[in-house]
Amino acid sequence: MAGNAFGTLFRFTTFGESHGPAIGCVIDGVPPRIPLAESHIQPWLDKRKPGQSRFTTQRREADQVKILSGVFEGQTTGTPIALVIENTDQRSKDYSDIADSFRPGHADYAYQAKYGIRDYRGGGRASARETATRVAAGAVARRVLDTLLPGGVTIRGALVQMGPHKIDRGNWDWAELANNPFWCPDATAARLWETYLDEVRKAGSSTGGVVEVVADNLPAGLGDPVYDKLDADIAKALMSINAVKGVEIGEGFAAAALSGEENADEMRMNGDRVRFLSNRAGGILGGISTGQPIIARMALKPTSSILTPRRSVDRHGHDVEVSTKGRHDPCVAIRGVPVAEAMLAVTLADHLLRQRALTY
């Protein structure tokens with residue numbers, strides 16, 4: 001099965017299924033002598049793990065990470081780093097009713113058509129459970145960025161839209177993320193979302209959302225045109241996350257409605273440094289970072305696992321109706337926030353190492 005690895009110099013490969021004994025990843029390309037311990041990885045996994053509120057799946061996983069290789073006496077050795085996370089709360093029996101049926105909106109039919117076999121337990125390899133390994137790799141990437149760049153890099157994500165309800169950007173406060181279960185920077189919107197998502201959850205339905213992720217304190221010059229542009233790799237990284245159906249950088253699709261004058265990020269000198277007067281481009285021009293904050297957004301579809309019966313077919317060619325049991329996120333975009341942060345981190349770490357290889 002191809003397509004399980006991401007990156008060029010900072011490269012990670014993930015393995016495991018939703019209801020298998022464990023999931024994990026192998027990370028190659030991490031320079032030696034980077035301080036790294038399980039305690040550097042665990043807080044990011046804790047941010048993503050399920051069962052932390054009534055608004056996420058009630059599957060209870062400790063998501064405890066173990067470092068198997070690549071670290072000695074608290075530092076990376078330059079050899080592959082293997083990380084493993086055991087699955088401890090699988091309920092495979094919840095999926096016995098759909099062993100032969102294809103759930104609408106899921107990857108069931110596509111996997112069966114491609115491989116002639118699929119793991120129906122929680123979606124197998126197509127499950128969002130796989131994203132825990134991305135978060136683990138992202139934590140290692142953060143260590144690389146913070147060690148190699150003066151002052152480190154700040155990577156933060158927020159949920160900026162749930163269903164049809166958007167935040168008021170005038171209320172944006174990063175400190176609010178810790179005060180609600182949605183990673184929402186707008187306290188007023190978070191209160192509205194709580195009522196809205198309770199109604200969605202009790203109806204056995206689901207809703208989508210938009211996640212915005214921002215990276216600050218990056219140098220100019222990261223990115224390799226023409227086909228390895230930084231924004232192209234960020235788009236691929238975010239689009240590879242489960243349930244993501246759209247990605248934009250900076251103004252994104254809204255730039256189509258702007259004039260050339262409005263869209264141009266004008267510049268002035270500030271001492272011996274270039275100062276931008278706006279950031280419509282999201283910190284990337286010509287596929288290369290400008291030193292401005294990098295801003296990207298991803299749109300996630302509603303969780304496909306819902307209680308409402310939907311028309312489908314089974315693998316024997318019969319028309320059926322499917323209602324999905326089990327424990328599912330009514331809005332998968334909530335736990336998509338730390339995953340988006342992680343995928344941005346691994347992309348930036350990869351391009352930082354590529355730039356260092358070019359200049360040294």
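The values are calculated or read from the model by the stated rules, or taken from the named source; none is laboratory data. Not measured: the values here are computed from a predicted model. Backbone-built Cβ (ideal geometry, glycine too); neighbour counts: all protein chains shown. Just the protein is used for accessible areas: all its heavy atoms, side chains included, with ligands, DNA and RNA removed. Shrake-Rupley method; radii C 1.70, N 1.55, O 1.52, S 1.80 Å.
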- [ ] Kindly list, by first and then second residue, each pair from a residue in the stretch 207-236 that is in contact (Cβ under 8 Å) with a residue 60 or more places away in the chain and closer than 14 Å to Ala340 by Cβ to a residue that is part of a loop (DSSP other than H, G, I, E, B) and open to solvent by less than 10 Å² (accessible area, probe 1.4 Å), limited to pairs with Cβ atoms under 7 Å and residues at least 6 apart or on different chains.
- [x] Gly209/Cys331
Task: Given (1) crowded, with 18+ Cβ neighbours inside 10 Å; (2) touching a residue at least 24 places away in the same chain (Cβ under 8 Å), index of the condition Asp108 fails - done: (2)
Open item on the list: Only one of Ala178, Ala141 is free of Cβ contacts under 8 Å to residues at least 60 places away in the same chain, out of contact with any strand residue (DSSP E or B) (no Cβ under 6 Å at 6 or more places or on another chain) and outside any strand (DSSP E or B). Can you tell me which?
Closed with: Ala178
TODO: Quick one: Asn180 ticks every box in (1) buried (at least 19 other Cβ atoms within 10 Å of the Cβ); (2) closer than 30 Å to Pro309 by Cα; (3) of a type outside the set (Lys, Arg) except a single one, so which number is it?
DONE: (2)
TODO: Please state which of the following conditions Ala349 fails to meet, knowing it meets all the rest: (1) touching a Gly at 6+ places or on another chain (Cβ under 7 Å); (2) closer than 30 Å to Leu177 by Cα.
DONE: (1)
Task: Candidates Arg156, Arg129, Arg134, filtered to the one that is part of a helix (DSSP H, G or I), open to solvent by 20 Å² or more (accessible area, probe 1.4 Å) and not small (Gly, Ala, Ser) - done: Arg134
Open item on the list: Of the residues Asp228, Asp186, Asp173, only one is in contact with a Phe, Trp or Tyr (Cβ under 7 Å, 6 or more places away or on another chain) and over 30 Å from Gln64 (Cβ atoms); which?
Closed with: Asp186
Open item on the list: I'm told Gly124 meets every condition in (1) open to solvent by 30 Å² or more (accessible area, probe 1.4 Å); (2) in contact with a His (Cβ under 8 Å, 6 or more places away or on another chain); (3) at pLDDT below 95 except one. Can you identify the failing condition by its number?
Closed with: (1)
